[in-house]
Amino acid sequence: MFREFPLALRLEGYVTYNNKNSEKLDFTAPYLLKFLSGGAVTKNVPYYFYFFFSERGEVAGIEDAYIMFNNLFDQDLDLYVGQF
């Protein structure tokens, strides 16, 4: 198993400027927020997933998640199981 859990965070935001004489500047962050993780559970069993929050903190849920089994039955056979 992992000695350290691999975890990443991705934030996206944006800036808009209204040039119709209002001189209004708008900054929105975070617009999108994703938690990502991936790695090898064992030598032949890697995984990957990301969990997605949309604008205003709404939970969209798990977008992608899979576990992969490499070299099944000591053959050159791989199997992916998950949500893509």
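What follows is calculated from the coordinates using simple rules that are stated; it is not laboratory data. Because the structure is a prediction, the values reported are computed rather than measured. With ideal geometry, Cβ positions are generated from the backbone for all residues, glycine too; neighbour counts draw on all protein chains shown.
A few notes on this one:
- Fewest-first ranking of Glu58, Glu12, using other Cβ atoms within 10 Å as the exposure measure: Glu58, Glu12
- For the pair Ile67 and Tyr50, the difference between a 0.36 nm per residue extended length and the Cα-Cα distance amounts to 4.9 nm.
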